[in-house]
4 protein chains.
Amino acid sequence: MSKLDAVIQDLIIANRILAREDVVDAYGHVSVRHPDNPKHFFIARSLAPDLVERDDIVELGLDGEPVRQESRALYLERFIHAAIYEARPDVHAVVHAHAEDILPFGVVDATPLRPVIHSGSFIGAHVPVWDIADKFGDTDLLVRNMDHGRDLARSLGGDNVALMRGHGFASAARSLIEVVRLSVYLPRNARALQRAKQLGGKIKYLSEGEIAARAGGYRPSSPETWRAWEYWAHKAGCGHLVTKPDQHEHKPKT
Amino acid sequence: MSKLDAVIQDLIIANRILAREDVVDAYGHVSVRHPDNPKHFFIARSLAPDLVERDDIVELGLDGEPVRQESRALYLERFIHAAIYEARPDVHAVVHAHAEDILPFGVVDATPLRPVIHSGSFIGAHVPVWDIADKFGDTDLLVRNMDHGRDLARSLGGDNVALMRGHGFASAARSLIEVVRLSVYLPRNARALQRAKQLGGKIKYLSEGEIAARAGGYRPSSPETWRAWEYWAHKAGCGHLVTKPDQHEHKPKT
Amino acid sequence: MSKLDAVIQDLIIANRILAREDVVDAYGHVSVRHPDNPKHFFIARSLAPDLVERDDIVELGLDGEPVRQESRALYLERFIHAAIYEARPDVHAVVHAHAEDILPFGVVDATPLRPVIHSGSFIGAHVPVWDIADKFGDTDLLVRNMDHGRDLARSLGGDNVALMRGHGFASAARSLIEVVRLSVYLPRNARALQRAKQLGGKIKYLSEGEIAARAGGYRPSSPETWRAWEYWAHKAGCGHLVTKPDQHEHKPKT
Amino acid sequence: MSKLDAVIQDLIIANRILAREDVVDAYGHVSVRHPDNPKHFFIARSLAPDLVERDDIVELGLDGEPVRQESRALYLERFIHAAIYEARPDVHAVVHAHAEDILPFGVVDATPLRPVIHSGSFIGAHVPVWDIADKFGDTDLLVRNMDHGRDLARSLGGDNVALMRGHGFASAARSLIEVVRLSVYLPRNARALQRAKQLGGKIKYLSEGEIAARAGGYRPSSPETWRAWEYWAHKAGCGHLVTKPDQHEHKPKT
């Protein structure tokens, strides 16, 4: 399988995982940057992520428009992806979704969304809340063009996740496997924080040092990262699409 | 397939979707106005929505009674539908259900149910709470006749949803696809609002302008609307019943 | 099918429904009084309700002991059933379970469990909380003998449900179909009440008159009651075991 | 089947049950001490528990290292198990997991996790919270070596469960069947306590005497314990792997 084919197959797996893990439903999307051409990225045509197959993947430019003639409808909000790829050369994969349990944190200011559990560390120490109304006033809240997208990307800055007020979130990472993991654990961290707040008392967030230690130790190809990807693909019914990485050796006892 | 057959097939899909998405269970029902005769509407006989098939659909008049001899039991609360169709010529589809997460908002006054997330905008800026006891005193809370139904329809007025105290909700829209979408996102909006309130602080509801912008931009035949219908039908195991609309063209890059 | 066979088949369906609807898990049980001998009742041997089949049903007396030689283990807490049948000639079916969402109401006094939704009306206006420690001090909380069972039955009195502190609930009704419906909607009513309380403000409980109106209008053989039984059996994978009652006629329009 | 084969088959069942009951997901693991060699224990290689099969089981020593040449990746946190087996000769099975609903109790101090429901009694009267930062400062929160593991084991002391701040829990018991039951009911007890606290008022925890009475009456081979194991295995799709214990006789009525 060519590198390009492998990337696109992983994109299909990512779509199915995000659907199965309730990060996306009919809405929400995931994209990956072209491995050989940083000015292009891949994303599905307008279709629920759980239904995405090979032929549904389209190639877009950093203006959010298809690079080849395309007669099928596209995601209205593909500009979220285009603008983040434009602003962040380090980013190779993007998710936009409405995962339910993060929504309250975009609607009230009192409790900022920050990591409280180790698997939530990848959202980073700071999660900005972008409000489309701040710059664009009354809209339908959708990121319908590059102006909207660039304003969101500015709010995201160098962070990993931005909440979108009354709407959802956008997350960005170096690889598909990372952006999926981040996006799956984002709502879980939100739930843990929400419930901790209900229990009352001072909340022990992860320290900046802990967040940094986890980010520093993270490798997309580690057995731990792979374990989740393999498991989620299996749950989503596409375990057979997973391409096994090289066997990770364990130093035997001597 | 005739227009009438297509409408009835969509009504079956709507039944299954509402069951799969936990909007209805054994109870709750969805109806659609006759496309050629505004004084009639279609609804299932007394049967759990998930089990509804073609032969279970009956045709009722605006008095809530069957227009043909019918030996099978009918929904007791079919008068909800009849009275809304009677009062609202603009309405072509109605749902009544007990979706769990909206129930608290019909039981306490402190927090009105209003849109906080963009997918909840279709419930409208105002969601009245109808209390059957206000006019009828102690009843079994069921809408058992046209008097009950008309009182509910009066409370609904020109809005899209009315909560029914201690009971559930009634929603109304221009088409089946719209009333299903509205009814699926209604409990989700309720959950987001409930949790935002728990987090504390001022809640940022959608503005009137945002609600209007979303309502104005909405088309039942748009790829975005279709995407959800297709996905939900697929999840509900009746994706094969969906009739594909005309292909929506995307203006290619030139 | 004989009347007795039909009752036992319904008991199997009841076991499966309660499992599928998360009222019971590995623990919890449902019983039915012998239709011809009010001093006997039927219940499964010690087995998770979801796994119960015809051969697992045993016949017990009002002392909670098997009326025939029985080498298989029995439910430790069968005395809950025996004592309620002994005390309440009007009761023909009993459920004991640990449905999660009712547990908080047995652990704190501040919010009594009362009907807030119409489908919860069947729990009745008053739900006592029985604490085994009041009479028996430190125990393992299990109803291990007739003394325990009779104390619980005394607490239940003429009501439909008693919560058991730190443990679960016991519910009693005139028929299997009623006790199942009551037990399925009990946790739903608990959730609605729990969330209403979180929203803040005065809670509008069902009035005594509404509870009475619903109880008065209830018939186990009505199409509405049947609709739920048929649907739940279908969801639980035993729809084929359901024996269709006589067709309920709808008075046609004249 | 040899005793060793039976233990390993039970370990596979335990993996599947914990996955099906949402105690573990891609992460978390369960181990069992070697029945004939207390200095060794069995655990899966680095793999999501739901996917574990016979060939995935490895044998480790009390230093957390494999006792035979092993080329496959192992769980990073196997030292949790090793250190608990080292410190606690009475313990024969260990679980480490991140079950979501226990996480809040590791993040705030205001509400200690204690048994409020009878099925939660096995967590014991005292559940310590271990914070890796207390001794090791800023880490990635993982138990990566025997120093970490021994510090956790010290915090656990003679208790059955220790929460791990911002991470999860470790539980220990005399047998696999016990540690699984304990770990399944731990989050349920957490949810009941969380909701009881939301209802307000004084919480009635299980008394020390009740906890002791339940612990004293518990036998891993009782029909009640077996009932849950059999049911959970069935739900997890591996009921066929369960080896039936000897029939438990019921003293017939005389």
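The values are calculated or read from the model by the stated rules, or taken from the named source; none is laboratory data. Predicted model, so just to flag it, every value in this text is computed and none were measured. Every residue, glycine as well, gets a Cβ built from its backbone with ideal geometry; the counts of neighbours run over all protein chains shown. Side chains included, ligands, DNA and RNA excluded: accessible areas come from the protein's heavy atoms. Shrake-Rupley method; radii C 1.70, N 1.55, O 1.52, S 1.80 Å.
Of all residues in the range D:1-36, those satisfying the criterion of being touching a strand residue (DSSP E or B) at 6+ places or on another chain (Cβ under 9 Å) and polar (S, T, N, Q) are D:Asn15, D:Ser31. From the list A:His92, A:His126, the lone residue that is surrounded by fewer than 19 Cβ atoms within 10 Å (Cβ to Cβ) and more than 12 Å from chain B (Cβ to nearest Cβ) is A:His126. Scanning the range D:28-75 for residues that are of a type in the set (Ser, Thr, Tyr) and open to solvent by 20 Å² or more (accessible area, probe 1.4 Å) returns a single hit, D:Ser71.
Select, from C:Ala236, C:Ala173, C:Ala153, the only residue that is over 20 Å from C:Asp90 (Cα atoms) and surrounded by 15 or more Cβ atoms within 10 Å (Cβ to Cβ).
Result of the check over C:Ala236, C:Ala173, C:Ala153: C:Ala236.
Being open to solvent by 20 Å² or more (accessible area, probe 1.4 Å) and either among the aliphatic types (A, V, I, L, M) or under 16 Å from the mean Cα position of the chain (by Cα) (or both) is the requirement here; does A:Asp5 meet it? Criteria not met by A:Asp5. Tallying residues that are open to solvent by 20 Å² or more (accessible area, probe 1.4 Å), more than 10 Å from chain D (Cβ to nearest Cβ) and either touching a Leu at 6+ places or on another chain (Cβ under 6 Å) or closer than 18 Å to C:Val94 by Cα (or both) within the range C:129-146 yields 2. Looking at the range B:95-112, which of its residues are more than 9 Å from chain C (Cβ to nearest Cβ) and open to solvent by 10 Å² or more (accessible area, probe 1.4 Å)? The answer is B:Pro112, and nothing else.
Taking first residues from the range C:210-226 that are over 17 Å from C:Ser183 (Cα atoms) and partners that are modelled with pLDDT under 85, the Cβ contacts under 9 Å between residues at least 6 apart in sequence or on separate chains come to C:Ser221/C:Pro245; C:Ser221/C:Asp246; C:Ser221/C:His248; C:Ser222/C:His248; C:Pro223/C:His248; C:Pro223/C:His250. Residue selection: D:His167 satisfies the criterion of being facing another protein chain (nearest Cβ under 8 Å) and modelled with pLDDT of 95 or more.
Going by the conditions given, is C:Lys202 surrounded by fewer than 22 Cβ atoms within 10 Å (Cβ to Cβ) and free of Cβ contacts under 8 Å to residues at least 24 places away in the same chain? Answer is yes for this residue. Restricted to the range D:19-119, the set of strands (runs of 3 or more DSSP E) holding at least 3 residues that are within 21 Å of D:Leu141 (Cα to Cα) and modelled with pLDDT of 95 or more comprises D:29-33, D:93-97.
For the range D:114-123, filtered to residues that are hydrophobic (A, V, I, L, M, F, W, C) and in contact with a Pro (Cβ under 9 Å, 6 or more places away or on another chain), the residue that is nearest to the other protein chains (Cβ to nearest Cβ) is D:Val116.
What pairs come up if the first residue lies in the range A:165-177 and is of a type in the set (D, E, K, R), the second is crowded, with 24+ Cβ neighbours inside 10 Å, and their beta carbons are under 6 Å apart, counting only those six or more places apart or on different chains? Sorted first by the residue in the range A:165-177, then by its partner, the pairs are A:Arg165/A:Gly106. Considering D:Ala196, D:Ala190, the condition of being in a helix (DSSP H, G or I), over 18 Å from D:Ala228 (Cβ atoms), within 8 Å of chain C (Cβ to nearest Cβ) and among the hydrophobic types (A, V, I, L, M, F, W, C) is satisfied by D:Ala196 alone.
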